[in-house]
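Student: Encoded as structure tokens, here's the structure I'll be asking about.
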Amino acid sequence: MRSRPWLLLLPGLLWLGAFFLLPLAIIAVVAVADRGAPVAWGFGWSAFGRLWDPLVVPVLWRSAWIAAAATLGCLAIGYPLSYFIVRRPKRSRRLWYFLVLIPLAANSLVLLYAWTTILRPAGLLENLAGRLGLLPEAGFGLLWSPPAIIIGLVYWYLPFMVYPVYASMERFDFRLLEAAADLGAGVRTSVVRVLWPQTLPGVVTGCLLVYMQTFCSFVVPDLLGGAKTLMVGNLIQQRFLSLPQDWPLGAALALAVVAALAVVVWISMRVQSRLEG
Amino acid sequence: MKNPHLPRFTAAVLLLAAGLLLAACAGDRRETISLFIWDDFIDPDVLTQFEDETGIRVIVSNYSSNEDLLAKLQVSPGQYDVIVPSDYMVQIMRRMELLAPLDYGLLTTVEHIDERFQGLPYDPEMDHSVPYLWGTTGIAYLENVVTDPPRTWREFFDPDRSAPYRGRISLLDDSREVLGAALMALGHSPNSRDEAEIRAAGELLRAFLPLVAKFDSDAFEDSLAAESTVLIQGWSGEITLAKDENEEIRYLLPQDGTVVFVDNLAIPASSRKIEQAHLLIDFLGRPEIAAQIVEFTYFGSANASANERVDPEVLEAPGLQYPPPGVARYLEDVEEAADLYERVWLELKSR
Amino acid sequence: MVPAVELTGVGKELGGQKVVRGVDLSIREGEFFSLLGPSGCGKTTTLRLIAGFETPDEGAIRIRGRGPGRRPAFAREVNLVFQNYALFPHMTVWANVAFGLEMERRPKEEIRREVEAILALVRLEGLEGRYPRQLSGGQQQRVALARALVTDPAVVLLDEPLGALDLKLRKDMQIELKALQRRTGVTFIYVTHDQEEALAMSDRIAVMHEGRVLQVGTPEEIYERPQTRFVAHFIGETNLLEGRLRPGGNGVVEVESDGLAFAVGGGGRSSGDEQVILTVRPEHLVVGRRLNGGLENRFAGEVVASAYHGSERMVHVRIGNGVVLRSRVPNGSAELPDPGDAVEVGWPAAAARLVSPD
Ligand SMILES: Nc1ncnc2c1ncn2[C@@H]1O[C@H](COP(=O)(O)OP(=O)(O)OP(=O)(O)O)[C@@H](O)[C@H]1O
Ligand SMILES: [Mg+2]
């Protein structure tokens, strides 16, 4: 009997084609088309030229640092959280894990609105702080500011950090921490020198997942940032939706983001393969 | 216009659900047409009446901005049979030839259209659109906080005057509305195509921006009702509705220019059910039906005969007042100047 | 001299189960001490108590005369070699071994010297740059040892360190480990469930069963003079006979069992008329068609089985009361009875001992 290994690959290839390559190809075609209503047949690179707009660059830069801050926030919360969960007894571990995943299951938009009621002026947070006598006179001014965007992004994308980090910790042999303690390492040293390096692949994957998604987010900056702080996702969305439309520029921006993120993925894959030796 | 309690994302989900519903109904022999309309912009009961009378079922889906409407129409031609673009969008869609000409042999109720809404510049002969509801863009505030409210855009955008409300002010997330208000504050037309004037409006806003909490067209009335914001630029219908939640809310029409928007019933050129679409538009023009819609939406009807049937108390709401002569302005398609508006807007937001 | 490790009345409960109960041990400086017992008897737990990973519910543990106080595991002069080595997989051999020294903040130069010396001692020179996964089981074992030894601890605890190795390698490593312990003079506490290994390597052995220490002694004492039925049964092979004690003449007691009388001269427990258990090792039993005189115990029986074991043969003989006795007969001896043969089986009274029923 002759085997047809490529047949096994077919579903994967179809999936890749339908959900990744095809949309990407459409975007690429739009990017080189002419600006029209909304696009006209034609060919030219002018949309890419318009990328080097002094207005676009700061938006890209801001997206980069907000995404970086959100990724760090997810890591700072997600790493200890994963550790906490993985050290629970087997049975309660599942429960904790699903609790963390809830934001994914529930309607995230509703949850983001909940955050606005917490962070807004005279909202829950300020009420609470006021009762504790901790409220500055001018309020925190948290909502509709970059910190609110970061808080929202951390909340929304935390599961994407916890998932791979938790998985890597579940594979970790916790006797290694005892071994380190036995040899004289304190808690911090054991975590830094033993747990962290061994869960690093999970950390890299988590950071990547969070960074890529937060970089392109547009709902959170709109809702929690008060639409004052444009991120590249907003810019792309605007170029497609708001007038005057410029689909080629939107598409070129999207391609540039995909390319930039591809570079990030490539670097982290290099890092990861180096880690795994 | 622009009454989205739900933002775009949810609108897209609803759209998808509507699409699935449409597919599910494919087996249904009853005739259907698809109405693409602002959120909360029609009383569902009206559609039931229409179905009872004609046997045509109306499938409703929502959008939350004119731009959204345009993009969806461009991406899925043939999907929608009746749409409700605002004034300037009618102009744009006419320019893009996206609208089907109306057949007045099929529209018997147009005689009720208020004279004020006839011969408007975006479609003077009503070739492609019939005015449906109208509203205004004005200034809303909390009376208990803002004791001396700005009566004009000039006062509104005066940083010194508005300084006490720093961080509690919101503007619409709409370049034409915001720049338009700034232009009027400077004494220009909200449809100015003059680069110097538009840039000056941008400068005015730049100076004002530190006081602004957010740009929001989706939930500005909720924030005001919750007292997170206290002084805002907003649309009349939402503000009027929000008064039920917070009695301190007041609405006024700026005396140096109040944008009046008219949302119009129109038929996409790509529709395959032009005749049935006319039936619906005609039905919505019946005075008793139009009156029912006013009482549901708190927007003013373009139908003169309808207002006689509306509860007088509703008609007295500030949100339903038409600006005095010389104050009303309409937003128009600014054509090639649109790029400049967008540019100034972007500079403001990417600062 | 102060014992290296001393446990007095140590008890520990885990998961609602008394895993270690009333353990008293005194381990001398420089000793190779084994904890021997079947799987699940509490050996690892005892070791973890000594290492400080667990705290005893009752009793006390002293290392070189000092109690643990509130000091954590690392502050004790005790290093543990884990059951599966627990080497740091992301570190080279060198980094693994140097880890403990770095934790003690020793100078760089000293670390280099110590690591080199210990790697030479465990014969791992040239493998410094390898990662654990690039090493054989025996090599990993030696890295674990080096890592535990390099900080010069008072005591090294080893939890079944050879369990994962194949038989041949295990034998070699037994010798090597023992030699290493001799050379370094470090106290080893060695956990195993392999009695041969314990007998071959240890200075002294503690036999554990169900959380208790049943007997502590040198390998000879444990093997030759077991004090309980469990120890006798668990260490090597033995014949066990239950009966009632009957006083006999000149230092010999007799045990009556199912109408037969057995003479016991090897000592052990006896306290009047009571149920007793006697044990006699198969190698002390002689089998033949007709035995010479001089054996206090001699019975007629029938061979029921005979199993070949290479250098010897295990002959099973059923005697009068239906009891089957096993005798170890070296191969090459003149008479080798076959199953079904009528034979005599016998042993000297001195070879039999009384043990307590636990
Ligand atoms: N953390 C724990 N929680 C509950 N029970 C435990 C725990 N650790 C060990 N036990 C139980 O305690 C008993 C003794 O365990 P221990 O690991 O000390 O045995 P051991 O003698 O080392 O066995 P092995 O030779 O199989 O390694 C076992 O019955 C085990 O199931
Ligand atoms: Mg064990």
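The values are calculated or read from the model by the stated rules, or taken from the named source; none is laboratory data. No experiment lies behind these values; they were computed from the predicted model shown. Cβ atoms come from the backbone with ideal geometry, glycine included; neighbour counts cover every protein chain shown. These accessible areas exclude ligands, DNA and RNA; they are computed on the full protein's heavy atoms, side chains included. Shrake-Rupley method; radii C 1.70, N 1.55, O 1.52, S 1.80 Å.
Student: Give the residues of region C:38-53 that are within 13 Å of ligand 2 (Cβ to nearest atom) and of a type outside the set (A, V, I, L, M, F, W, C), sorted by residue number.
Tutor: Result: C:P38, C:S39, C:G40, C:G42, C:K43, C:T44, C:T45, C:T46, C:R48.
Student: I'd like the full set of residues that are crowded, with 19+ Cβ neighbours inside 10 Å and touching a residue at least 40 places away in the same chain (Cβ under 8 Å), limited to region B:57-78.
Tutor: B:V58, B:S61, B:N62, B:Y63, B:S64, B:S65, B:N66, B:D68, B:K72, B:L73
Student: Still on this structure: So, of the residues in region C:10-26 that are within 13 Å of C:H209 (Cβ to Cβ) and open to solvent by less than 40 Å² (accessible area, probe 1.4 Å), which turns out to be farthest from ligand 2 (Cβ to nearest atom)?
Tutor: My answer is C:V23.
Student: State whether the residues of region B:116-136 include one that is aromatic (F, W, Y), within 14 Å of another protein chain (Cβ to nearest Cβ) and part of a helix (DSSP H, G or I).
Tutor: No, region B:116-136 contains no residue that is aromatic (F, W, Y), within 14 Å of another protein chain (Cβ to nearest Cβ) and part of a helix (DSSP H, G or I).
Student: Another question, if that's okay. Can you find, within region C:193-251, the residue that is farthest from the other protein chains (Cβ to nearest Cβ) among those that are within 16 Å of ligand 2 (Cβ to nearest atom) and on the phi > 0 side of the Ramachandran plot?
Tutor: C:E210
Student: Still on this structure, I have one more. Among what's in region C:199-208 and is open to solvent by 30 Å² or more (accessible area, probe 1.4 Å) and modelled with pLDDT of 95 or more, pick the residue that is farthest from C:F32 (Cα to Cα).
Tutor: C:R204
Student: For region B:310-341, give me the residue count where each residue is within 14 Å of chain A (Cβ to nearest Cβ) and over 23 Å from B:G187 (Cβ atoms).
Tutor: Residues that pass the stated criteria total 2.
Student: I'd like to verify a number: residues in region B:75-94 that are in a helix (DSSP H, G or I) and over 20 Å from the mean Cα position of the chain (by Cα), how many?
Tutor: Of the residues in region B:75-94, 1 are in a helix (DSSP H, G or I) and over 20 Å from the mean Cα position of the chain (by Cα).
Student: Can you spot a residue in region C:188-197 that is open to solvent by 50 Å² or more (accessible area, probe 1.4 Å), within 16 Å of ligand 1 (Cβ to nearest atom) and in a helix (DSSP H, G or I)?
Tutor: yes
Student: Looking at (1) within 14 Å of another protein chain (Cβ to nearest Cβ); (2) crowded, with 16+ Cβ neighbours inside 10 Å; (3) closer than 30 Å to C:F230 by Cβ, which is the only condition C:P56 fails?
Tutor: (1)
Student: Can you name every one of the helices (runs of 4 or more DSSP H) wholly within region B:187-262 that holds 2 or more residues which are away from every other protein chain (no Cβ under 14 Å)?
Tutor: B:195-208, B:236-242
Student: From the list A:L112, A:L124, A:L132, A:L142, exactly one residue is over 25 Å from the mean Cα position of the chain (by Cα) and either among the basic types (K, R) or within 12 Å of another protein chain (Cβ to nearest Cβ) (or both). Which is it?
Tutor: A:L124
Student: Can you tell me how many residues in region A:221-271 are within 13 Å of another protein chain (Cβ to nearest Cβ) and either small (G, A, S) or part of a helix (DSSP H, G or I) (or both)?
Tutor: Qualifying residue count, region A:221-271: 21.
Listed here are the residues, each with its yes/no results for (1) surrounded by fewer than 11 Cβ atoms within 10 Å (Cβ to Cβ); (2) under 30 Å from B:E342 (Cα atoms).
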{"site": "A:L9", "(1), (2)": "no, no"}
{"site": "A:L14", "(1), (2)": "yes, no"}
{"site": "A:L22", "(1), (2)": "no, no"}
{"site": "A:A25", "(1), (2)": "no, yes"}
{"site": "A:V30", "(1), (2)": "no, yes"}
{"site": "A:P89", "(1), (2)": "yes, no"}
{"site": "A:V100", "(1), (2)": "no, no"}
{"site": "A:V110", "(1), (2)": "yes, no"}
{"site": "A:A114", "(1), (2)": "no, no"}
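Student: To continue, here is another question. Which one of C:L157, C:L149 is within 14 Å of another protein chain (Cβ to nearest Cβ) and either under 19 Å from the mean Cα position of the chain (by Cα) or polar (S, T, N, Q) (or both)?
Tutor: Just one listed residue meets the conditions, C:L157.
Student: Return the total of residues in region C:44-53 being open to solvent by 10 Å² or more (accessible area, probe 1.4 Å) and within 8 Å of ligand 1 (Cβ to nearest atom).
Tutor: 3
Student: Let me ask something additional. State all residues of region C:32-43 that are open to solvent by less than 50 Å² (accessible area, probe 1.4 Å) and either assigned to a loop (DSSP other than H, G, I, E, B) or in contact with an Asp or Glu (Cβ under 7 Å, 6 or more places away or on another chain) (or both); if no residue qualifies, say none.
Tutor: Answer for region C:32-43, where residues must be open to solvent by less than 50 Å² (accessible area, probe 1.4 Å) and either assigned to a loop (DSSP other than H, G, I, E, B) or in contact with an Asp or Glu (Cβ under 7 Å, 6 or more places away or on another chain) (or both): C:F32, C:F33, C:G37, C:P38, C:C41, C:G42.
Student: Looking at region C:98-122 only, could you name the residues that are out of contact with any helix residue (DSSP H, G or I) (no Cβ under 7 Å at 6 or more places or on another chain), part of a loop (DSSP other than H, G, I, E, B) and away from every other protein chain (no Cβ under 14 Å)?
Tutor: The answer is C:P107, and nothing else.
Student: Being part of a helix (DSSP H, G or I), free of Cβ contacts under 8 Å to residues at least 12 places away in the same chain and either at positive phi or open to solvent by 30 Å² or more (accessible area, probe 1.4 Å) (or both) is the filter here, so list the residues in region A:153-190 that pass it.
Tutor: Selection gives A:R171, A:R175, A:E178, A:V187, A:R188, A:T189.
Student: Just checking, which of B:E97, B:E115 is acidic (D, E), over 22 Å from B:S236 (Cα atoms), surrounded by fewer than 23 Cβ atoms within 10 Å (Cβ to Cβ) and in the same structural domain as B:L70 (by TED's automatic domain parsing)?
Tutor: Testing whether each residue is acidic (D, E), over 22 Å from B:S236 (Cα atoms), surrounded by fewer than 23 Cβ atoms within 10 Å (Cβ to Cβ) and in the same structural domain as B:L70 (by TED's automatic domain parsing) leaves just B:E97.
Student: Report whether or not C:E29 is touching a residue at least 24 places away in the same chain (Cβ under 8 Å), over 18 Å from C:G59 (Cβ atoms) and open to solvent by 10 Å² or more (accessible area, probe 1.4 Å).
Tutor: yes
A quick yes/no check of all residues on (1) over 22 Å from the mean Cα position of the chain (by Cα); (2) within 16 Å of ligand 1 (Cβ to nearest atom); (3) among the basic types (K, R); (4) within 28 Å of A:V191 (Cα to Cα):
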{"position": "C:G9", "(1), (2), (3), (4)": "no, no, no, no"}
{"position": "C:E31", "(1), (2), (3), (4)": "no, no, no, no"}
{"position": "C:A60", "(1), (2), (3), (4)": "yes, no, no, no"}
{"position": "C:V97", "(1), (2), (3), (4)": "yes, no, no, yes"}
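Student: Sort through C:A75, C:A95 and tell me the only one that's modelled with pLDDT under 90, within 14 Å of another protein chain (Cβ to nearest Cβ) and either crowded, with 22+ Cβ neighbours inside 10 Å or more than 16 Å from ligand 2 (Cβ to nearest atom) (or both).
Tutor: The conditions single out C:A75.
Student: Among the residues of region C:161-187, count how many are more than 16 Å from C:V150 (Cβ to Cβ), assigned to a helix (DSSP H, G or I) and open to solvent by 10 Å² or more (accessible area, probe 1.4 Å).
Tutor: The qualifying residues number 12.
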